[in-house]
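Single-structure report; data block below.
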Amino acid sequence: MNQKLPEDRAEAVFEDFKRAYTDEQARAEANRCLYCYDAPCIQSCPTGIDVPTFIRRIANENVSGAAQTIFDSNILGMSCARVCPVETLCVGSCVYNHMDSPAIQIGKLQRYATDAAFEAGWTYYEAGEDTGKKVVCVGGGPASLAAAHRLRRQGHQVTVIEKGHFLGGLNTTGIASYKMKADRSISEVEWLLSIGGIDIRSGVSVPDQLSWDDLKSEFDAIFIGFGLGEDSLLSLPSADSEGVIGAVDFIAQMKLSPIDVSSVQNAIVIGGGNTALDAVRELRGLGVESVTLAYRGGESQMSGYAHEWAEAKTEGVVPSWRSQPLSFAADADSRVSSVTFQMMDENKQPISGQTKTIPADLVLLAIGQGKLGSLTTGLDGLQVEWGKIVTDDDGATGAQGVYAGGDCRNGGKEVVNAVAEGDQAAQAIHSFLMGGGSCRT
Amino acid sequence: MPDLTSNTAGIISPNPFWLASAPPTNSGRQIIRAFEAGWGGAVWKTLGQPIQNVSSRFGGIQWRGQRAAGFNNVELITDRSLDANFKEMAEVKRLFPKHAVISSLMVETKEEWKEVIQRSIDAGADGIELNFGCPHGMCERGMGSAVGQEPAVNKEITSWVKSYSSIPVLVKLTPNVGDIVPHGLAAQAGGADGVSLINTIKSIIGVDIDRMIPEPVVGNKGSNGGYCGAAVRPIALHMVAALARDPGFNIPVSGIGGVTNWRDAVEFIALGSSSVQVCTEVMLRGYRIVEDMIDGLTRFMVEQGFQTIDEMVGKAVPAYSEWGDLDINFESVAKIDPDKCIGCNRCMVACHDGAHQCIHPSTDGGIVPVVDESECVGCNLCEIVCPVPDCITMVEVDNGFPEGSWNEHLTTGSTIRPKKGSHGYDMP
Ligand SMILES: Cc1cc2nc3c(=O)[nH]c(=O)nc-3n(C[C@H](O)[C@H](O)[C@H](O)COP(=O)(O)OP(=O)(O)OC[C@H]3O[C@@H](n4cnc5c(N)ncnc54)[C@H](O)[C@@H]3O)c2cc1C
Ligand SMILES: Cc1cc2nc3c(=O)[nH]c(=O)nc-3n(C[C@H](O)[C@H](O)[C@H](O)COP(=O)(O)O)c2cc1C
Ligand code: SF4
């Protein structure tokens, strides 16, 4: 498949927010690691990377071994090193925090080792001996890719079906560019696919272009990893004006194409989660002068990470707390010109009579993404709750031979959770197939 | 995949990594866990008449933020009964027939030697290690380093042991001697199949200056102990290499002293060790360190094209030369990379006060010091103190002089290049 990205993508202006280590820096940091026994960082990584071991390998100048320790648990370890919210995962649990000393920079060390592997072309893994079993992974994001790689190592024939043109899912189209640009995710996909024998069908949507019955007639097991749906939108007056768009949609455009925001004077991002926080920082990075974060709760009520908001503030983003959108105004060309907000109290209840209008020529809606659970209609036994696919701990749905993982199952977490769930489901699929199971009809 | 199998004087182990005789090999249960973690061999905690230990027993050097850069102990040999130890040894060998179990022994009389050797053989030990090295407590009782420091006694006891032993015998040497070579030769003359070295170095790890008591403090006194851990590696490497290159010494060596990882192990192997033993790093971090020792060594061998451990044993020995045979006409000077320099002037003060006064302040008002290459003796001090990687490099100078050593100069009168950096030392 052609995974070429345009050179003049808008995201090209971004530099890495966290700089890469030099050899010396990496070794110095690695030697600071206490090499804890039964370490909390391992527990707090959803994929259970053996952190002390990989760090000791860096200290011992066994970088190739360090990278393999990472990939053994997390085949997307290269991008996770850049995109994981380590402050709330491994780094947050480092025992140094209890000593009031700087925690080990696990993400940066992970990046050091995995980047070295990519640069040197170390691929480590080979496909297992053919089992004659066929598995399909629906969706080409982190969950499916992790599942596909594990299944391939176990010797199954694997097909990945992706409705879009690029693989990597939101890792390619959604990650803030100062953490990782799209080309990096694409090269990770290529690296991962170098195991060989993973068949890619892109530009194909399930179930409209290929039905569940079609899949069941061709494959022995199905893994569903199609993530979340489109941005949720607002049905308010003039909310369909030009210049009002979903944040995830906007971010994807910025990452994949040469959009131009030079004429934007006032941008507002509506929401208080991590997508909103990424979006405000990205707008500032693209050069938009005035960027407002409008959220219906207060600062401490935001679901987005505090460390991300702290960065956004220093980058000049202005908050408008307790502001719930009420209506949009548009100019003669039906382009958005301002947003009027209803002011809210501490309990996110409207304060009667208090509103506020903020001028805007670009408004991004970061108020959530739709859930795709309903696409599974036709898979008998599979349950959907609140749009999420219900599974057991191993990722098995109620439908025989059908598994799920990633955002479509957990409702939207992080890349590392998608990888963990994809990997875990692959192990369960392997046991299922080796025990003679099949979803074939 | 390279083959990591190691053969030290006929003692075969799946890899060259052994636990040294010390607390990590105190009991069968520990050794079983160690073998499960990947260790290829274990030298049992020295057996003899069980002793009584003191507390505390250990001291660590905290050096500029690094804990236990050096380590010392006043521990003696096993404090457990011979019956228990030999029973467990037999059990370990039953469970791990392919791993090397070496029985470390230290007793006094001929009869006792005969008995403990036979019991080791009966327990299935793959070899015997004679502890002629312990530098505290045991030597005062006429054992340990008291034996190791006397070549004649060393040779005699070794020959007793050999006459009773049907399995390979290694003599563990003490570093507490002026020159290791006569001691290695004495063991060889006594019939030893190999030697292992080093045991710990006589030391006082520090003094509690509030209480004015040497450390580690036992009640209200302290005693000298044995120094080990990363800090002793250079001493151990030299002793291993001194034996390896001695033309009269030709039995295998098991290298010990400050091994912390696979790189250290490769250094010992390159200087002539067929296996390496580890104590302190395991005491500090656990058996699990062997995991990267195996992984790192394997990758190194693949990268360098070595198929077997034997191919690496002694690889660096031919290049280990006498000072007098070094090429005295080889010349290098320090170069500072102006793009990397951060202006700390560490090189300048080091050269001024500790070397040859040839690094000077920048003349153009910038931060980068200037090396006077006509005076630089190429000593490396500035490169060693520079905090920036690859900022100062030692660059070879083509001075037109042919290769030639001091020894050649003495014997044939060959030309040597003029001295640099000895600029008169004019007093003000
Ligand atoms: C703006 C944004 C920023 C984020 N930033 C971070 C971050 O910094 N760090 C982090 O760890 N996580 C971040 N996340 C979350 C992370 O990207 C997701 O949790 C992760 O990508 C989920 O992986 P997945 O494989 O489950 O789904 P996705 O990544 O969504 O992949 C699903 C794939 O399935 C395809 N697909 C969808 N429907 C169909 C269909 N019907 N048929 C075939 N294919 C289909 C999609 O095109 C997509 O390629 C962010 C998310 C967003 C929205
Ligand atoms: C606490 C302690 C106890 C030791 N006990 C013994 C012993 O019983 N017999 C012996 O031969 N060596 C003994 N040693 C020495 C070690 O086997 C080893 O030779 C030395 O520590 C150097 O290796 P290292 O730097 O890896 O620790 C002991 C060392 C320590 C630290
Ligand atoms: S290490 Fe164990 S035996 Fe030693 S002092 Fe601490 S608790 Fe006691």
Residues that are assigned to a loop (DSSP other than H, G, I, E, B) and touching a Leu at 6+ places or on another chain (Cβ under 8 Å), drawn from segment B:295-312: B:309
Which one is surrounded by the fewest Cβ atoms within 10 Å (Cβ to Cβ), of the residues in segment A:38-57 that are more than 10 Å from chain B (Cβ to nearest Cβ) and of a type in the set (A, V, I, L, M, F, W, C)? A:42
Cβ-Cβ distance below 6 Å, separation of 6 or more or different chains: which pairs start in segment A:169-186 with a residue that is in the same structural domain as residue A:111 (by TED's automatic domain parsing) and end on one that is of a type in the set (Phe, Trp, Tyr) and more than 6 Å from ligand 1 (Cβ to nearest atom)? none
Tell me, yes or no, whether segment B:205-228 has at least one residue that is part of a helix (DSSP H, G or I) and either away from ligand 1 (no atom under 16 Å from the Cβ) or touching a Gly at 6+ places or on another chain (Cβ under 8 Å) (or both). no
Inter-residue pairs, beta-carbon under 8 Å, first over 21 Å from residue A:74 (Cβ atoms) and in segment A:427-441, second assigned to a helix (DSSP H, G or I), 6+ apart: A:439/A:216; A:440/A:216; A:440/A:217; A:441/A:213; A:441/A:216; A:441/A:217
For residue A:191, the lone unmet condition from (1) of a type in the set (A, V, I, L, M, F, W, C); (2) away from ligand 1 (no atom under 12 Å from the Cβ); (3) over 20 Å from the mean Cα position of the chain (by Cα) is (3)
Residues being touching a Leu at 6+ places or on another chain (Cβ under 9 Å) and of a type in the set (Lys, Arg): count how many of those fall in segment B:58-77. 1
Can you tell me which residues in segment B:257-293 are outside any helix (DSSP H, G or I) and either within 14 Å of ligand 2 (Cβ to nearest atom) or out of contact with any strand residue (DSSP E or B) (no Cβ under 9 Å at 6 or more places or on another chain) (or both)? B:257, B:258, B:259, B:260, B:261, B:273, B:275, B:276, B:277, B:278, B:279, B:286
Does segment B:58-80 contain at least one residue that is of a type in the set (Phe, Trp, Tyr), in the same structural domain as residue B:225 (by TED's automatic domain parsing), touching a residue at least 12 places away in the same chain (Cβ under 8 Å) and assigned to a helix (DSSP H, G or I)? no
So which of B:230, B:270 is under 29 Å from residue B:179 (Cβ atoms), at pLDDT 95 or above and within 13 Å of chain A (Cβ to nearest Cβ)? B:230
Members of segment A:58-85 that are part of a loop (DSSP other than H, G, I, E, B), surrounded by fewer than 24 Cβ atoms within 10 Å (Cβ to Cβ) and within 14 Å of another protein chain (Cβ to nearest Cβ): A:60, A:61
Sort out for me the helices (runs of 4 or more DSSP H) sitting completely within segment B:107-197 that have 2 or more residues that are surrounded by fewer than 21 Cβ atoms within 10 Å (Cβ to Cβ). B:110-122, B:151-164, B:181-189
Hits in segment A:17-37 - residues which are more than 11 Å from every other protein chain (Cβ to nearest Cβ) and either basic (Lys, Arg) or surrounded by fewer than 20 Cβ atoms within 10 Å (Cβ to Cβ) (or both): A:17, A:18, A:19, A:20
Any idea which of (1) charged (D, E, K, R); (2) under 30 Å from residue A:219 (Cβ atoms); (3) touching a helix residue (DSSP H, G or I) at 6+ places or on another chain (Cβ under 7 Å); (4) buried (at least 22 other Cβ atoms within 10 Å of the Cβ) is the one residue A:162 doesn't satisfy? (3)
Does residue B:85 satisfy the condition of being more than 16 Å from ligand 1 (Cβ to nearest atom), in contact with a Leu (Cβ under 6 Å, 6 or more places away or on another chain), assigned to a helix (DSSP H, G or I) and in contact (Cβ under 8 Å) with a residue 12 or more places away in the chain? yes
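Any residue that is of a type in the set (Lys, Arg), within 21 Å of residue A:25 (Cα to Cα) and surrounded by 15 or more Cβ atoms within 10 Å (Cβ to Cβ) - is there at least one of those in segment B:343-356?
Going through segment B:343-356, the residues of a type in the set (Lys, Arg) turn out to be B:346.
Now narrow it down to the ones that are within 21 Å of residue A:25 (Cα to Cα): B:346.
Subset that is surrounded by 15 or more Cβ atoms within 10 Å (Cβ to Cβ): B:346.
Yes: one or more hits.
Yes or no, residue by residue, for (1) within 30 Å of residue A:285 (Cβ to Cβ); (2) of a type in the set (S, T, N, Q); (3) within 16 Å of ligand 2 (Cβ to nearest atom):
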| site | (1), (2), (3) |
| --- | --- |
| A:133 | no, no, no |
| A:152 | no, no, no |
| A:161 | no, no, no |
| A:173 | yes, yes, no |
| A:178 | yes, no, no |
Does segment B:35-84 hold any residues that are within 12 Å of ligand 2 (Cβ to nearest atom) and within 14 Å of chain A (Cβ to nearest Cβ), and which are they? B:68, B:69
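The values are calculated or read from the model by the stated rules, or taken from the named source; none is laboratory data. Bear in mind the structure is a predicted one, so any value in this text is a computation, not a measurement. Don't worry about glycine lacking a Cβ; one is built from the backbone with ideal geometry, like all the others, and counts go over all protein chains shown.
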